[in-house]
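The values are calculated or read from the model by the stated rules, or taken from the named source; none is laboratory data. Keep in mind that what you see is a predicted model, and the values were worked out from it rather than measured. Counting neighbours? That spans all protein chains shown, and the Cβs are built from the backbone with ideal geometry, glycine included. Just the protein is used for accessible areas: all its heavy atoms, side chains included, with ligands, DNA and RNA removed. Shrake-Rupley method; radii C 1.70, N 1.55, O 1.52, S 1.80 Å.
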Amino acid sequence: MTIQSFDLDPARIPLKHPFTTAIRTVTAVESVQITLTSSDGVLGYGEAPATAAITGETIPSIKEAVEGYICPAIMGQAVEFDCGQIIQKAIYGNTSAKAAVEMAWQDLRAKKMNIPLYQLLGKHQKKLSNDITISAGDLDVMTKHAIAAIADGFSVLKLKVGVFPATDAQTIIRFWYNLKESAHPKSEIKLRIDANQGWSTRQAISIIRTWEDNNIPIDLIEQPTPAWDLDGLAKVQSHTHFPIAADESVFSPIEALRCIQSRAASVINIKLMKTGGISSALDICTLCRIYGVECMIGCMMEGQIGAAAAAHLATSQSIVTRIDIDSPLLCTPGFYTEGPTFCGSDILMSNCPGIGTMPKKLYSERSADVNASTQQAEKR
C-alpha cells in the first residue's frame, strides 16, 4: 500500500460562543482538511487550523505548504515507511500543515493494520478526563459558563486571562468566590489559568502571590510570560508552588529540552499543531519521561480530527497527566462522524481503525459514491 494522492478541503466550523484570549478573539474554526488516498483506496484524514497569532499560518499558507512541499514529498511512499522525517524536512516551519499531513499518514498506517492509532503509539486507557476552557470576558458571563460546565460534570476549569493584567488577580478571586456561592458546595473544582504570554515576570509573580494568599485552588498556570523569555518563566516558577506550564515556549523537542534544563516549567503543554505532528510530540514525551517532567496534551481552536489525534497520543503515554482537548466541546456539533467521543468531561476512545474521525461532509460524499457504484453494479 502506497500513498497515491491527496485532496484539500477548507472548512469553517462556527463556535458556540466567541472565544477570547490575550492573543485573539475568534468566532469560528477556520481549517484545511486533508485527505490522503492509498493505492488500495483507503483514506487517511488530517486537518490544520489557521492560527496566525501562534504558528504564523493562514489558510492560504497551509494550502501552499501542503500542496507545494509536504504532500509531494511523500507521494509514492509505502504507508508503513516512516514518513515523519520526510514531512519535517519538506519545508521549514509550517507546523500545523505538517501536523495535518502526518496525522493523515498515521491514520492510513493504523488503518492498514486495522487497529486504532493509540495501539501503534503505546498503551492506552479507554477514558480520558478533560477540562473545559472559559473564555476571557465579562465576569458574570464567565461564571455562568463555569456553572453550566460544572453541571455537565467538569471538575477542572481552564480560565483565559492576560487581556487585562492590572485586574487579572482580582478577576479570578471574584470569579472563584462567585462560583463558590453559586455552584454545588461539595463540588471540588480546580482552576487552570492561562495567560497566553499576557504578563511580565514581575506582574506574574505579584498576581500569583495574590492567589496564593487567597487560597485559590489552582492546578497550574500556563504560559504567564512571553514565549521567548525562558529566564522569566523560570523565575516565576521559582517563586510559586503552583505548577507552571510552558505552552508557546515549546514547539519542538529542542525547545522542550531547553525549557526542562532551564527549570522554566513543571509541565510541558504538547500540541500537535506546534510540534508539527505526532512523531515530534512523542519525542517530547520521551524527554519529559527521562527528566521527570509532566506533560499536558492540549489543542488549538481546531476541529475534531486534530482533537481526536491528540486524544490518541494522550491515551498512549503515561507521562501525560493532564488533558486539555476541549475544542470539540466549544464548536457547533455535526461536522464530524465516528472516532473518539467527546462527552462532557470524558473522552471515550473507540475501537475504530486509525484515528477514526472523519469530516461528515466528505464521509457523506464518499458514502454516496459507494452507494451509486453499488447501484450501478446491481443494474449490470
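For every helix of n ≥ 4 consecutive DSSP H residues, a contribution of -39,500 (n - 2.57) applies; sum these over the chain, divide by its total residues, and give [θ] at 222 nm rounded to the nearest 500 deg cm²/dmol.
Rounded to the nearest 500, the figure is -12500 deg cm²/dmol.
How many Å² of accessible area per residue for the chain, probe 1.4 Å? Please report the intermediate quantities before stating the final value.
Details: 15900 Å² over 380 residues.
Spelled out: the 1.4 Å probe surface of the chain, per residue, equals 42 Å².
Mind listing the phi-derived Karplus ³J(HN,Hα) values for the range 211-220, rounded to whole Hz, using 6.51, -1.76 and 1.60 with θ = phi - 60°, and x for any glycine or proline?
Karplus values, whole Hz, x for Gly and Pro: 5, 4, 5, 9, 6, 6, x, 9, 7, 6.
Would you pull out the residues with amide H under 5 Å of Asp346's amide H, same chain only if 5 or more places away, H placed 1.01 Å from N?
Close amide H contacts, sequence-distant or interchain: Asn130.
Considering only the other residues whose Cβ falls under 13 Å of the Cβ of Thr167, what net charge follows from Lys and Arg at +1 and Asp and Glu at -1? Each step should come with its number before you reach the end.
Working: positive: Arg174; negative: Asp138, Asp168.
Result for the local shell: -1.
Between the range 1-52 and the range 152-220, what is the C-alpha centre distance in whole Å?
The range 1-52 and the range 152-220 have Cα centres separated by 32 Å.
So which of Lys127/Lys160; Lys180/Lys235; Lys158/Lys271 end up more than 21 Å apart by C-alpha?
Violating the 21 Å Cα-Cα cut-off are Lys127/Lys160; Lys180/Lys235.
Set the Förster radius R0 to 30 Å, insert the Cβ-Cβ distance between Ile290 and Ile91 as r into 1/(1 + (r/R0)^6), and round the FRET efficiency to 0.05.
0.55
Taking amide hydrogens as modeled 1.01 Å from N in the peptide plane, which residues meet the under 5 Å criterion relative to Gln197, leaving out close sequence neighbours?
For Gln197, the qualifying residues are Thr225.
Nearest 5 is fine: what % of DSSP beta bridges in the chain come out antiparallel, could you say?
Details: 30 of 55 bridges.
Here the share of antiparallel DSSP bridges comes out near 55 percent.
Count the net charge of all other residues whose Cβ sits under 9 Å from the Cβ of Ile305, scoring Lys and Arg as +1 and Asp and Glu as -1. Provide the component values of the computation, followed by the final result.
Numbers: positive: none; negative: Glu47, Asp107, Glu302.
For residues surrounding Ile305, the net value is -3.
Calculate, in nm to one decimal, what Thr58 and Leu139 gain on full extension: separation in residues at 0.36 nm each, minus their alpha carbon distance.
Working it through step by step, the gained length comes to 26.0 nm.
Would you tally the net charge around Thr341, using a Cβ to Cβ cut-off of less than 12 Å, leaving Thr341 out, and scoring K and R as +1, D and E as -1?
Summing Lys and Arg as +1 and Asp and Glu as -1 gives 0.
Can you tell me the order of 270-278, 9-17, 213-221, 325-333 when each peptide is scored by its average per-residue count of other Cβ atoms within 10 angstrom, highest first?
Highest mean packing first, the order is 270-278, 325-333, 213-221, 9-17.
Starting from the amide H of Thr2, placed 1.01 Å from N in the peptide plane, find each other amide H under 5 Å away whose residue is 5 or more places distant or on another chain.
Those qualifying (amide H under 5 Å, at least 5 residues apart or on another chain) are Ser39, Asp40, Val79.
Mark the label point 7 Å from the Cα of Ala166 along Cα→Cβ and return the residues of the range 193-210 whose backbone N is within less than 19 Å of it.
Residues passing the 19 Å test: 198-208, 210.
Grab the beta carbon distance between Asp82 and Asp9, set R0 = 22 Å, and tell me the FRET efficiency rounded to 0.05.
Once rounded, the FRET efficiency stands at 0.25.
Using 0.36 nm per residue of separation minus the Cα-Cα distance, give me the extension gain between Gln119 and Thr20 in nm, one decimal. Walk me through the numbers on the way to the answer.
Numbers: separation 99, 0.36 × 99 = 35.64 nm, distance 3.60 nm.
Extra length available between Gln119 and Thr20 comes to 32.0 nm.
Of Leu117, Ser155, Val141, which is farthest on the positive side of the dipole of the range 101-163, counting Cα position, with +1 on Lys and Arg Cβ, -1 on Asp and Glu Cβ, and the Cα centre as origin?
Of the candidates, Leu117 comes out farthest on the positive side.
Please compute the modelled spin-label separation between Asn214 and Lys190, points set 7 Å along Cα→Cβ, answer in nm with one decimal.
2.1 nm
Given a cut-off of under 8 Å on Cα pairs at least six residues apart, what relative contact order in percent is computed for the chain? Show your work: numbers first, answer last.
Values: 820 pairs, mean separation 71.3, N = 380.
For the chain, the relative contact order is 19 percent.
Work out the FRET efficiency for Glu181 and Ala28 from their Cβ-Cβ distance, taking R0 = 35 Å, and round it to the nearest 0.05.
0.55
For Lys361, list the aspartates and glutamates whose Cα falls under 15 Å from its own Cα; do not include residues on the same chain fewer than 8 positions away.
Qualifying aspartates and glutamates at Cα under 15 Å: Asp7, Asp9, Glu47, Glu338, Asp369.
Go through the range 178-183 residue by residue and turn each phi into a ³J(HN,Hα) via Karplus (6.51, -1.76, 1.60, θ = phi - 60°); whole Hz please, and just put x for glycine and proline.
3J(HN,Hα) across the range 178-183, in whole Hz: 4, 5, 4, 6, 9, 8.
Run the accessible area of the chain with a 1.4 Å probe and give the carbon-and-sulfur part as a rounded percent.
Exposed carbon and sulfur together represent 50 percent of the surface.
How far apart, in nm, are the 7 Å Cα→Cβ label points at Gln261 and Arg174?
Calculated label separation equals 4.5 nm.
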